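Notes to accompany the following structure.
The values are calculated or read from the model by the stated rules, or taken from the named source; none is laboratory data. Treat the numbers as computed from the prediction; the structure is a model and nothing was measured. Every residue, glycine among them, receives a Cβ derived from its backbone with ideal geometry; neighbour counts consider all protein chains shown. Heads up: the accessible areas ignore ligands, DNA and RNA and are worked out on the full protein's heavy atoms, side chains in. Shrake-Rupley method; radii C 1.70, N 1.55, O 1.52, S 1.80 Å.
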Amino acid sequence: MSLLAKVSTILHGAFRRKRMEQDMDAELRFHVARYTEDLIRSGVAKEEAERRARIEFGHIEPLKEECRQARGLRLLDETGQDLRYAGRMLRKAPGFAAVAVVTLALGIGANTSIFSVLNTFVLKPLPYANPDRLLAIWSVDEKGRWRSGVAPADLYDWRRDSPVFEQICAWRNPPYTLQQQGSNPEQLVGGQVSAEFFKMLGVAPQLGRDFLPQEDSPGAPRVAILSNDLWRSHFAGDPAMIGKSIQIDGEAATVVGIAPPGFHLPLMGKAMLWMPFALSAEDRANRRRGYLGVIARMKPGVSVSRATMFLKTLAGRMQETYPATNRGRTVQMRTLRDEIGMQGAKDPTVILFGLVGCVLLIACSNVANLIVGRAVGRQKEMAVRLAIGAGRARLLRQLLTENLVLFLMAGALSVLFALWGIRWIADSIPLQIRDYLPNSGALRVDLPTLLYTLAIALLSGLVFGFAPAFHCWRMDVNHGLKESGSRGSAGGSASRLKNCLIVLETSLALVVLVASGLLVKGMVKMYASENGLNPHGLITARIFLSDPKYADPKKDRAFTKAVLEQLSILPGVESAALAMYFPYSGNNGAARYAIEGRTAPAPAEQSIMMFDAVSTDYFNTMGIPLLRGRVFSEQDRPDSVPVALINQTMAQRNWPGEDPVGKRIRWGTNLDRTLTVVGVVKDNGGIDETGMPHPQTFLAAEQFPMRGMTVALRTRSDSVDVAAGIRRAVQAVDGSQAVLRIQTMEELMAEQQAQFSVVGQVTSFFALLSLFLAALGIYGVMAYSVAARTQEFGIRLALGAGRGTLAGMVLRQGMKLTLLGLAIGLAGAFGVTRLMSSILYQVSPNDVPTFTGISALLLVVAVLACYLPARRASSIEPTRALRCE
């Protein structure tokens, strides 16, 4: 019979059991009655015929049992018996059951919560059509040191007769100013996209239509697609909005569609509306400035490697064809899934998942130790069952069922711990970061998470429950029936198994503790290090002049000057300043540079600096100390010599031991622009992903006009009042302009540091849990060893051994196991921490003080865990220990 047929028969029998029992009774009684009647007809007396029928057919129940076994129902019956027996055994030992279930629930719950994060942000497919064929493309230098957007002319070259891409779409994130009658202008996060954007993603509007191909051409009518959130919050979810006109950036735009609920592209953040590009012929010919994000869909059957090779080859040709703009520039491609993961979710989550897996193994090892100890105490019971005819396979199945019941109970309880853990992690993620996470950043316990919990509970129960069950299965019946068999066996295979589990626990605990120690040390450095500015009382706000009337730099500067004047006279404001970007905002400009008077290296070897444009009072407002030279002044006008201030890192890297004031910097794509250094300021937040400072240059805002700007105010009053004052000041200069994202500098810094702090907090909790479980495991094994060797210790004491000698024996045994676990754990920790370098803040993965301190901590905890059993061994009374002998 095939496996499918067997399963079908078992299920059929299970669901129609009563009917089948009745049929078997009727069938067997029919055959008995017929056999009896045949005997009576042949002349046998009725009583004798019934007696012969009973002898011929035997008792009916054994026959029915054979029928059940043939139908597979016996296995179901025995499983039910095993489950009922397991429940009775756990009720008889409530302390053991409670400790084991809670220990396992903590480990499984921690795993479930991190799996939910991993599933949501890394594993779950993106909600687009065929997401595995979507790529994100960026322009990078040949060494991959920095990347930027793609220049429009390069994009249109890529789109022309591409053999590997179905579609290539551009996007960017300009803020849009929405003006509604009767309310103040409001700046919204927007998306400017190619007309094929929604079609390429396979997303259809819930109302209205998509963009038409001709709508991203110059001079086309302005149209917009609203997000579901904007449609409901600002327009009351009115279906009649389709075809109506709204004011965006001072010009009318027709609403043609409403995006489906929850739609967003994480690379763009939480965009509230989308409009098609309208690049002029001049813009489309631009190769010098890369400002477009690019997403492409590969043709069916095209691999990522083939698409990458095609674009890199094309980029190489463009370097030769357009050396003035494309020299030293190539492309970087990732799948959209990987690109979104690289935004900060993938690496920390995968590392956390590995560490929390270690916590689960520690918890399972602890419970396995408890099960071994309990199994040794039940050896006589098992020996009796074997002696009266129970099969060893049947006994093994019974013990595995007990362990699986224990692990499944823990799995059910772990869902509660997982719900708490998921809520804690979700609350720790700043709102602004969630906008850049896939699947809307929604963490919850869904069906895949519950299935994972069930699977991990079953797998853990089978793996860690098999060894204790196998230990009982292979026991010697004669030895188990002896009066002292259960005690005497403790020094054999059970002790070896428990010792191996302790070594495993200790090594895994060391790995988790070292990883957590490095992260916590990075957090301490992050919060304790000088950031080069004074964040207290500093409020920032983003303004973007999207109105076409500010395309003229003179009008741009006039608006900037007027806004600064209005902000400076606000009550409670000590000073005000403007900048293109701010420290800890996650944004910056990057450019190649070289030092004038020195031979410029090849494009691929040229250094990269971060740059910013700031107003005259910027450094005073931000509290950034001037170390040398001067800050910007009114004399730094558009018609004067371009000047710059640099940070410490820039000065030390290029002029070590020299005064950089008066030196000249060549910068830009072709190094054709010059800056004269007039001052040096302290490093102030221009950091890379590991927290190390970038070389940074500050330009005078008067000499470097900017459409987007961030205002900063040094205040003494409440931030809410100042926030309202910022909006009034901007409205006083131009009533059609709005302000986006008013935040304190502390909030900006918290967002920048969120990845380090969230991961550090979570791993710290797991580290404390693993330390507690490891200590509990060591204590349990040593206490078990002392209890099992009570008679031995009694004999030693009776023969004259000192009590200190016995305590030393227990301590030495515990220390041997601990030191072996530490040695294995150190080797594992050296390997694991190398994978964590991307999330460590100014800390080496091989930080010797951390490794040494954590090892010493675990050793001290192990000594304390061994102390109580050692003390108990030294206090044994020989007469009581030997009484049973």
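Miscellaneous remarks
- Condition check for I340: outside any helix (DSSP H, G or I) and either surrounded by 17 or more Cβ atoms within 10 Å (Cβ to Cβ) or of a type in the set (D, E, K, R) (or both): no
- Taking the conditions (1) at pLDDT below 80; (2) open to solvent by less than 60 Å² (accessible area, probe 1.4 Å) in turn, R883 satisfies each one other than (2).
- Restricting the search to strands (runs of 3 or more DSSP E) fully inside segment 632-682 and requiring at least 1 residues that are farther than 25 Å from L533 by Cα and not basic (K, R) gives 664-667, 673-681.
- Qualifying residue in segment 141-156 (condition: in contact with a Leu (Cβ under 6 Å, 6 or more places away or on another chain) and closer than 28 Å to R434 by Cα): yes
- The criterion of being open to solvent by less than 40 Å² (accessible area, probe 1.4 Å), over 18 Å from A590 (Cα atoms), modelled with pLDDT of 80 or more and not aliphatic (A, V, I, L, M) holds for T715.
Okay, residues lined up against (1) open to solvent by 60 Å² or more (accessible area, probe 1.4 Å); (2) at pLDDT below 90:
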position: K143; (1), (2): yes, yes
position: W158; (1), (2): no, yes
position: D161; (1), (2): yes, yes
position: W171; (1), (2): no, no
position: Y176; (1), (2): no, yes
position: N184; (1), (2): yes, yes
position: G190; (1), (2): no, yes
position: V223; (1), (2): no, no
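- Remark: P125 falls outside the filter, which requires a residue to be open to solvent by less than 10 Å² (accessible area, probe 1.4 Å) and either over 28 Å from Q214 (Cα atoms) or in contact with a strand residue (DSSP E or B) (Cβ under 7 Å, 6 or more places away or on another chain) (or both).
- The residues on offer are A604, A591, A600, A562, and the sole one that is closer than 28 Å to D721 by Cβ, among the small types (G, A, S) and modelled with pLDDT under 90 is A562.
- Odd one out for A651 among (1) at pLDDT below 85; (2) more than 18 Å from G589 (Cβ to Cβ); (3) of a type in the set (A, V, I, L, M, F, W, C): (1)
- If the condition is being of a type in the set (D, E, K, R) and open to solvent by less than 50 Å² (accessible area, probe 1.4 Å), then segment 267-307 contributes R287, R297.
- Matching residues, segment 235-283, being part of a loop (DSSP other than H, G, I, E, B) and closer than 16 Å to G208 by Cα: G237, D238, I242, G243, K244, A259, P260, P261, F263
- Lone qualifier among V563, V631, V573 - being among the β-branched types (V, I, T) and out of contact with any Asp or Glu (no Cβ under 9 Å at 6 or more places or on another chain): V573
- The one condition in (1) at pLDDT 80 or above; (2) more than 26 Å from L859 (Cα to Cα) that H479 fails to fulfil: (1)
- Leading residue by the ranking (most open to solvent (accessible area, probe 1.4 Å)) among those in segment 631-648 that are polar (S, T, N, Q) and within 19 Å of P695 (Cβ to Cβ): Q648
- Checked against (1) among the aliphatic types (A, V, I, L, M); (2) under 30 Å from P348 (Cβ atoms); (3) open to solvent by less than 30 Å² (accessible area, probe 1.4 Å), L776 passes all but a single condition, namely (3).
- Pairing residues of segment 553-565 that are open to solvent by 100 Å² or more (accessible area, probe 1.4 Å) with residues that are part of a helix (DSSP H, G or I), at Cβ distances under 7 Å and at least 6 apart in sequence or on separate chains, gives K555/K549.
- R628 meets the conditions (1) assigned to a loop (DSSP other than H, G, I, E, B); (2) open to solvent by 50 Å² or more (accessible area, probe 1.4 Å); (3) touching a strand residue (DSSP E or B) at 6+ places or on another chain (Cβ under 8 Å) in every case but one. The failed one is (1).
- Residue match in segment 272-287 (condition: touching a Ser or Thr at 6+ places or on another chain (Cβ under 8 Å) and of a type outside the set (A, V, I, L, M, F, W, C)): yes
Conditions (1) crowded, with 18+ Cβ neighbours inside 10 Å; (2) modelled with pLDDT of 75 or more, marked per residue:
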position	(1), (2)
M749	yes, yes
F772	no, yes
V781	yes, no
M815	no, yes
L822	yes, yes
G825	yes, yes
S837	no, no
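- Total residues in segment 61-88, condition touching a helix residue (DSSP H, G or I) at 6+ places or on another chain (Cβ under 6 Å) and either open to solvent by less than 40 Å² (accessible area, probe 1.4 Å) or at pLDDT 80 or above (or both): 6
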